[in-house]
Amino acid sequence: MTSMERKSDVSAFEDGPIPRYEAVKQFIRSRIESGEWPAHHRIPSENDIVADLGVSRMTANRALRELASEGAITRVQGVGSFVAAQKGSTALLEVRNIADEIRERGHRHTSHIDRLEERSASPEIADALGLATGARVFHSIIVHAENGVPIQIEDRFVNPVICPDYLAQDFAGMTPNAYLTLVAPITRTEQVVEAVLPQPWECKLLSIGRDEPCLMIRRRTWSENRNVTVARLIYPGTRYRLEGVSS
């Protein structure tokens, strides 16, 4: 925020008809709605808001928390707060956030972190991420559930050069998709869809029988021509389907 912005907006944060946290929310929303702060734009931190707008830390924190709960911004631990992307129409293989899909159906999303670790890249993973065999990579396995029923295993490898703080994130509160989209916006995607039979450990995580067919999506993403992540997404065939809408 510039000194001119502070001077023009300071009256809004004096005692008045609306609480100060609401005034802070209006200040941030006005810049989002005007397009001054586009999707994925990093917004001022709590410290910046306190210093520039003359409000308390509690006021700044409440404003940011409520904006996040309303879907206007996304907060990433250790990274900052960002303007949330606006939802639009979806293609059959658009890269969607599984949590958003579930919530749009009016259902409850939960997740279970089965694995979150650093390991050496196998030849296959190294090739997919453009790294040397044996290079350091981050690996996560997360099970996403809809109303308590598992519908996706997300088995993901991440390039630590691009996302060094990946292992420090709270993926019980934010999906890897949401986090990666913020820190490394997708510029290119490669996806392959197959019908498969699940492996025994996948059956256990999904609570399904060994003979239940599953849908598998293999996905690689890039950000500015850099390989960011490679993932296998496993869905029980009786609980999930891909849809496309054309007009």
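The values are calculated or read from the model by the stated rules, or taken from the named source; none is laboratory data. Owing to the predicted nature of the structure, the values given are computational and were not obtained by experimental measurement. No Cβ is skipped: glycine too gets one built from the backbone with ideal geometry, and neighbour counts run over all protein chains shown. Remember, those area values only see protein heavy atoms, side chains included, never the ligands or the DNA or RNA. Shrake-Rupley method; radii C 1.70, N 1.55, O 1.52, S 1.80 Å.
Only one of these conditions is not met by residue 136: (1) more than 19 Å from the chain's Cα centre (by Cα); (2) modelled with pLDDT of 95 or more; (3) open to solvent by less than 30 Å² (accessible area, probe 1.4 Å). Which number is it?
All conditions are met except number (3).
So residue 34 passes all but one of these: (1) open to solvent by less than 60 Å² (accessible area, probe 1.4 Å); (2) modelled with pLDDT of 80 or more. Which condition number does it fail?
That leaves (1) as the condition not met.
Restricting attention to strands (runs of 3 or more DSSP E) lying wholly within segment 145-247, give those where 3 or more residues are open to solvent by 10 Å² or more (accessible area, probe 1.4 Å) and at pLDDT below 90.
Here the list reads 188-196.
Show the residue pairs that are 6+ apart or on different chains and have beta-carbon atoms under 8 Å apart, the first residue being within segment 149-166 and touching a residue at least 24 places away in the same chain (Cβ under 8 Å) and on the phi < 0 side of the Ramachandran plot, the second being of a type in the set (Asp, Glu) and in a loop (DSSP other than H, G, I, E, B).
none
Could we say that residue 55 is hydrophobic (A, V, I, L, M, F, W, C), in contact with a helix residue (DSSP H, G or I) (Cβ under 6 Å, 6 or more places away or on another chain), surrounded by 14 or more Cβ atoms within 10 Å (Cβ to Cβ) and free of Cβ contacts under 8 Å to residues at least 40 places away in the same chain here?
no
For the structure I just gave you, tell me whether residue 75 is at pLDDT below 85 and surrounded by 14 or more Cβ atoms within 10 Å (Cβ to Cβ). Break it down into steps so the answer makes sense when it comes.
Working: at pLDDT below 85: yes; surrounded by 14 or more Cβ atoms within 10 Å (Cβ to Cβ): yes.
For residue 75, the condition - at pLDDT below 85 and surrounded by 14 or more Cβ atoms within 10 Å (Cβ to Cβ) - is met.
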